[in-house]
Amino acid sequence: MTPDEIDGILAEAAGGSTPPSLNPAVVERAKAALREKLVPVRPLASPSVLTLVFVAAFAAISVLGAWLLGMRGLFVLSGIQRAVVFPVLFAGAGIAAVASVREMRPAGGARLGRFALAMSTLALLGAFALLLRDYDTRNFLAQGVPCLVAGLACAIPAALVIYLFLRRGFVLDWPSAGLAAGTLAGLAGVAILELHCPILKASHVMFWHVAVIPVCGMGGLLLGWIARWTRP
């Protein structure tokens, strides 16, 4: 096929008519070649449905992880603390879920990954600062490192589930998608720690628990950059 023939096909598509000089057999061969490469695809669910799926995955993984580790933390929290901490976690998860869903389709909306990371981190820090008064730093490392490791370890399966859903979409910016997904996974890790960890020291919770969110968010961003660099 010559460049002139290709130009003729493009002109036909734009103008809706076949140039007189264009060989009809060439047009038919081009149409046949295009039809061979066309395969049916399953349309994405609506953004609202996908957002609910992400939030449901966050909740299910949080409860399952805490159940496996033991829900000792849930029973040491007061009613007021539960009424504040868990709605804040769900609100952050909702924002991160919306941010993840928007990355699944072109022109899905303004990117919210950075906003989700900043708001969920700051909101939790503010909530814990209001609710907790014990800033004792004894055994700060000995008690904190295991919680951080547990939160990160529990965030990994959440990140894998989110990634599997992200792959069903058409992600154009994997670093941005990784940031949003990492933030949501980090929130799942924090939710598990709040259900599991019985330590109510403000210094412990505000540093070691909340740290799971930015670490996971930055980890998702890094993995997104690696995916972009290594993508063929």
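For segment 203-232, the candidate set comprises residues that are surrounded by fewer than 18 Cβ atoms within 10 Å (Cβ to Cβ), in contact (Cβ under 8 Å) with a residue 24 or more places away in the chain and among the aliphatic types (A, V, I, L, M); within that set, the residue that is farthest from Asp173 (Cα to Cα) is Val215.
Just give me the residues in segment 110-131 being free of Cβ contacts under 8 Å to residues at least 24 places away in the same chain and not in a helix (DSSP H, G or I), in sequence order. Selection gives Ala110 alone.
Yes or no: segment 194-202 includes at least one residue that is under 21 Å from Val55 (Cα atoms) and not charged (D, E, K, R). Steps first, please.
The first filter runs over segment 194-202 and keeps only residues under 21 Å from Val55 (Cα atoms), leaving 194-196.
Those left that are additionally not charged (D, E, K, R): 195-196.
Checked against the condition, which is being under 21 Å from Val55 (Cα atoms) and not charged (D, E, K, R), segment 194-202 yields at least one hit.
Scanning segment 67-76 turns up no residue that is within 17 Å of the chain's Cα centre (by Cα) and either part of a helix (DSSP H, G or I) or modelled with pLDDT of 95 or more (or both).
Looking at the structure I just gave you, is Val171 modelled with pLDDT of 95 or more, β-branched (Val, Ile, Thr) and closer than 22 Å to Glu103 by Cα?
Numbers: modelled with pLDDT of 95 or more: no; β-branched (Val, Ile, Thr): yes; closer than 22 Å to Glu103 by Cα: yes.
Spelling it out, it is not the case that Val171 is modelled with pLDDT of 95 or more, β-branched (Val, Ile, Thr) and closer than 22 Å to Glu103 by Cα.
Would you confirm, using the coordinates I've provided, whether Leu222 is in a helix (DSSP H, G or I), out of contact with any strand residue (DSSP E or B) (no Cβ under 9 Å at 6 or more places or on another chain) and under 18 Å from Ala99 (Cα atoms)? Against the criterion (in a helix (DSSP H, G or I), out of contact with any strand residue (DSSP E or B) (no Cβ under 9 Å at 6 or more places or on another chain) and under 18 Å from Ala99 (Cα atoms)), Leu222 qualifies. Residues that are in contact (Cβ under 8 Å) with a residue 24 or more places away in the chain, under 30 Å from Arg42 (Cβ atoms) and under 10 Å from the mean Cα position of the chain (by Cα) occur at least once in segment 144-160. Screening Val85 with (1) closer than 19 Å to Leu166 by Cα; (2) crowded, with 18+ Cβ neighbours inside 10 Å; (3) of a type outside the set (Gly, Ala, Ser) gives one miss only, at (1).
Could you list all residues from segment 44-58 that are part of a helix (DSSP H, G or I) and either in contact (Cβ under 8 Å) with a residue 60 or more places away in the chain or crowded, with 16+ Cβ neighbours inside 10 Å (or both)? Hits for segment 44-58 are Pro47, Leu50, Thr51, Val53, Phe54, Val55, Ala57, Phe58. Here Ala177 passes the criteria (1) of a type in the set (A, V, I, L, M); (2) within 14 Å of Arg111 (Cα to Cα); (3) over 16 Å from the mean Cα position of the chain (by Cα) except the one numbered (3).
Residues that are among the basic types (Lys, Arg), assigned by TED's automatic domain parsing to the domain that holds Val88, within 22 Å of Gly73 (Cα to Cα) and in contact (Cβ under 8 Å) with a residue 40 or more places away in the chain do occur in segment 188-201, at least one of them.
The values are calculated or read from the model by the stated rules, or taken from the named source; none is laboratory data. These numbers come from a predicted model, not from an experiment. Here the Cβ is made from the backbone with ideal geometry for all residues, glycine too, and neighbour counts use every protein chain on show.
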